[in-house]
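For reference, the structure discussed in these notes is given below.
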Protein chains: 2
Amino acid sequence: MTKVKEIGEQGLLERLQRFCPSDVIGDDAAVLVTEAGQSLVVTTDMLVDGVHFSDATTSPEDAGWRAAAANLSDLAAMGATPLGITVALGLPGDLSVSWVESLYQGMTQCLQQYHTPIVGGDVVRSPITSLSITAFGQVHPNRIIRRSAAQVGDAIVVTGVHGASHAGLKLLLDPQIGKDLSTAQKTALIKAHQRPQPRLDVLSHLPLIPIAGMDSSDGLADAVLQICRASGVGAVIRSSQIPLPTAFDHWLTPEQALNYALYGGEDFELVLCLSPDAATTLVKQLGQGATIIGTITSDTRVLLHHQNTKIPDQVLSLSQGFQHFSQ
Amino acid sequence: MTKVKEIGEQGLLERLQRFCPSDVIGDDAAVLVTEAGQSLVVTTDMLVDGVHFSDATTSPEDAGWRAAAANLSDLAAMGATPLGITVALGLPGDLSVSWVESLYQGMTQCLQQYHTPIVGGDVVRSPITSLSITAFGQVHPNRIIRRSAAQVGDAIVVTGVHGASHAGLKLLLDPQIGKDLSTAQKTALIKAHQRPQPRLDVLSHLPLIPIAGMDSSDGLADAVLQICRASGVGAVIRSSQIPLPTAFDHWLTPEQALNYALYGGEDFELVLCLSPDAATTLVKQLGQGATIIGTITSDTRVLLHHQNTKIPDQVLSLSQGFQHFSQ
């Protein structure tokens, strides 16, 4: 198997250029055309081997898909449609060229769904494989989705089920669990983890009113908490309304299912706050798990309310999330 | 000294946010406004500890400055004025917070000269310190500088002296050399290496005619060769015309000096091809080492011509440059 060091930086760049449109190659930087009157939206992510992906659970194709999806999801979370991405790679010389090509294959498979080109990048030597993606999109200034725009009385919409990605990861890490699940159910959960879909499709359904929101990449609880903190408001989330994969019904306890949904992360759905009428219309249009899960309140707390039970309301807090460095 | 793992990802991001304008913080992505009719220019770089910088020769401030300067230089090489940069950091938990803050200090010192904000980023755990910068700029479509636009008969202009950065690195690596240099000369050469200046100042002097070019970050020889390859032309470079630091005169042999200038790299000057009349005017306006060093020819070779000597013309080739992976 050909190694990166055998073909060198220039040789590798030439192989990777077939994943890029020909008109962006060969200059110090790429040139993109934005539409008049649109704002530019920019987001960046770094992924490190052994921290964010690993050959043990993730093929290079899936690592590429997930990296692209995470960045497109950040654009969707701002209301922006993608223009392109750049990819910077740090690679050990002993890595196989086919691994790198598979990574690019996965990225472009995800990007092609949204007609998004890889417009540039960098390839450098590094003792550890790492990947930094920067994505650019555009949005009309009136249609920017911000975390800080939630209003008291807004309905909180999630665009789909939560917990599936985390369940898929669990199944990959321990194939012994989930024996009660059908093969189709397992496959669907694993796919939710390996091939998450950024919800760019949601944007065309959004009404022309101010909308607050973000994506649920760090978990549903984190998204609601971040929006409330940025907007200076609180929320009540009705636990029974949180949409879950049907596969959870006979597999997980209600507590486990709720934990997966609230804290699992990487579902890459959107969490949106808008007027109740507009939210009802949006949920109907989206279908497929889109649900109103709660309401923005003037409280500063985020309460998880368990209907029809004696369990008292829980106060959610950011500290229940994890701190990546201290793990 | 506080370590990164002690304050966590969120704590570190909060400390770094003081280097960013307040209006870009707290969403999934940053929003930038581009001027109507301008094209967007995007470039990305990854830098890895031990490969591209090292505490042995580079303070974190200088590493930050150099990283920012390299990306701004890529924008200048496209004719674009900067709008902002994003910064993705991979950090070991044991790294000190002050190291990271110093890195940001150096970056912002360079960026502030050009009113360029850090508009976003990512901080992740990694076994090795690495840094990925993506820079965005804008340029009127008629003023884009491309490598592929060189015309036979164009004069080749360099915007300043070459070889200084490499000489500065040599002096840092071995303080015993350069004994014939004055302290001021040494300081100037070392500064050329530690604090290179992207030549964004050149853009306002460029005439409104098609200009080919790139920056000389990978060496002057590489720049001329890349332009010629992209444009399908050749060049004659007159070795005696290549502007060198005056400190080289009594320190290096003519061969050493020429090698530093052609292959040293990281001078971050611009190499521009334009009509001889316009080139003469530009060189006068720029002053400070700006020189016409040669001519674009219909040959496909790049020849180094040594005037007033018996040394035959040399043919320059890309293979004389280095391949980063095979080192």
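The values are calculated or read from the model by the stated rules, or taken from the named source; none is laboratory data. The model shown is predicted, which means the values in this text are computed figures rather than measured ones. No Cβ is skipped: glycine too gets one built from the backbone with ideal geometry, and neighbour counts run over all protein chains shown.
Okay, here's what the table says:
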quantity: Residue count, segment A:48-61 (criterion: crowded, with 21+ Cβ neighbours inside 10 Å and either part of a strand (DSSP E or B) or within 12 Å of chain B (Cβ to nearest Cβ) (or both)); calculated: 4
quantity: Residues of segment A:200-223 satisfying the condition of being farther than 26 Å from A:Gly178 by Cβ and not in a helix (DSSP H, G or I); calculated: A:Leu206, A:Pro207, A:Leu208, A:Ile209, A:Pro210, A:Ile211, A:Ala212, A:Gly213, A:Met214, A:Asp215
quantity: Meets criteria (within 23 Å of the chain's Cα centre (by Cα) and of a type in the set (A, V, I, L, M, F, W, C)) for A:Leu83; calculated: yes
quantity: Where B:Leu173 falls short, out of the listed (1) out of contact with any helix residue (DSSP H, G or I) (no Cβ under 7 Å at 6 or more places or on another chain); (2) touching a residue at least 60 places away in the same chain (Cβ under 8 Å); (3) within 14 Å of another protein chain (Cβ to nearest Cβ); calculated: (3)
quantity: Some residue of segment A:44-53 being more than 30 Å from B:Ala77 (Cβ to Cβ), over 17 Å from the mean Cα position of the chain (by Cα) and not β-branched (Val, Ile, Thr); calculated: yes
quantity: Matching residues, segment A:183-192, being in contact (Cβ under 8 Å) with a residue 60 or more places away in the chain and either surrounded by fewer than 18 Cβ atoms within 10 Å (Cβ to Cβ) or among the aliphatic types (A, V, I, L, M) (or both); calculated: A:Ala192
quantity: Residue in segment B:311-319 that is within 14 Å of another protein chain (Cβ to nearest Cβ), closer than 30 Å to A:Val4 by Cβ and hydroxyl-bearing (Ser, Thr, Tyr) present; calculated: yes
quantity: Some residue of segment A:199-213 being crowded, with 18+ Cβ neighbours inside 10 Å and more than 21 Å from A:Lys284 (Cβ to Cβ); calculated: no
quantity: Members of segment B:121-160 found to be under 30 Å from B:Asp49 (Cβ atoms), of a type outside the set (Gly, Ala, Ser) and crowded, with 17+ Cβ neighbours inside 10 Å, listed by number; calculated: B:Asp122, B:Val123, B:Val124, B:Arg125, B:Ile128, B:Thr129, B:Leu131, B:Ile133, B:Thr134, B:Phe136
quantity: Filtered residues of segment A:128-151 (kept if touching an Asp or Glu at 6+ places or on another chain (Cβ under 8 Å), more than 7 Å from chain B (Cβ to nearest Cβ) and part of a strand (DSSP E or B)); calculated: A:Ile133, A:Ala135, A:Gln138
quantity: Residue match in segment A:180-189 (condition: away from chain B (no Cβ under 14 Å), in contact with a Leu (Cβ under 9 Å, 6 or more places away or on another chain) and in a strand (DSSP E or B)); calculated: no
quantity: Among the candidates B:Val157, B:Val161, B:Val119, residue that is among the aliphatic types (A, V, I, L, M), part of a strand (DSSP E or B) and either touching a Pro at 6+ places or on another chain (Cβ under 9 Å) or assigned by TED's automatic domain parsing to the domain that holds B:Val41 (or both); calculated: B:Val119
quantity: Qualifying position, being crowded, with 20+ Cβ neighbours inside 10 Å and within 14 Å of another protein chain (Cβ to nearest Cβ), among B:Leu270, B:Leu274; calculated: B:Leu270
quantity: Test for A:Gly219: is it out of contact with any His (no Cβ under 6 Å at 6 or more places or on another chain) and closer than 13 Å to A:Ile156 by Cα; calculated: no
quantity: Residue in segment B:314-322 that is in contact with a Ser or Thr (Cβ under 8 Å, 6 or more places away or on another chain) and either surrounded by fewer than 22 Cβ atoms within 10 Å (Cβ to Cβ) or at pLDDT below 95 (or both) present; calculated: no
quantity: One residue from B:Gly168, B:Gly178 being closer than 26 Å to B:Leu72 by Cβ and of a type in the set (Gly, Ala, Ser); calculated: B:Gly168
quantity: A:Ala261, sole failed condition from (1) out of contact with any Lys or Arg (no Cβ under 8 Å at 6 or more places or on another chain); (2) loosely packed, with under 14 Cβ neighbours inside 10 Å; calculated: (2)
quantity: Candidates B:Asp28, B:Asp45, filtered to the one that is buried (at least 19 other Cβ atoms within 10 Å of the Cβ), of a type in the set (Asp, Glu), assigned to a strand (DSSP E or B) and within 9 Å of chain A (Cβ to nearest Cβ); calculated: B:Asp45
quantity: Verdict on A:Ser240 being in contact (Cβ under 8 Å) with a residue 24 or more places away in the chain, farther than 21 Å from B:Asp27 by Cα and assigned by TED's automatic domain parsing to the domain that holds A:Ile190; calculated: yes
quantity: Which numbered condition A:Lys170 fails, given (1) surrounded by fewer than 20 Cβ atoms within 10 Å (Cβ to Cβ); (2) part of a loop (DSSP other than H, G, I, E, B); calculated: (2)
quantity: A:Ser73 more than 22 Å from B:Leu83 (Cβ to Cβ), in contact (Cβ under 8 Å) with a residue 60 or more places away in the chain and either polar (S, T, N, Q) or facing chain B (nearest Cβ under 7 Å) (or both); calculated: yes
quantity: Residue count for segment B:70-86, restricted to those that are surrounded by fewer than 24 Cβ atoms within 10 Å (Cβ to Cβ) and assigned to a helix (DSSP H, G or I); calculated: 1
quantity: Filtered residue count, segment B:259-279, keeping only those that are under 17 Å from B:Leu208 (Cα atoms) and in contact with a His (Cβ under 7 Å, 6 or more places away or on another chain); calculated: 0
quantity: Candidates B:Gly168, B:Gly120, B:Gly163, B:Gly153 - the one that is under 30 Å from B:Val283 (Cβ atoms) and over 19 Å from the mean Cα position of the chain (by Cα); calculated: B:Gly153
quantity: Only one of B:Asp277, B:Asp267 that is among the charged types (D, E, K, R) and under 28 Å from B:Ala68 (Cα atoms); calculated: B:Asp267
quantity: Residues within segment A:87-116 that are within 12 Å of chain B (Cβ to nearest Cβ) and not in a strand (DSSP E or B), tallied; calculated: 6
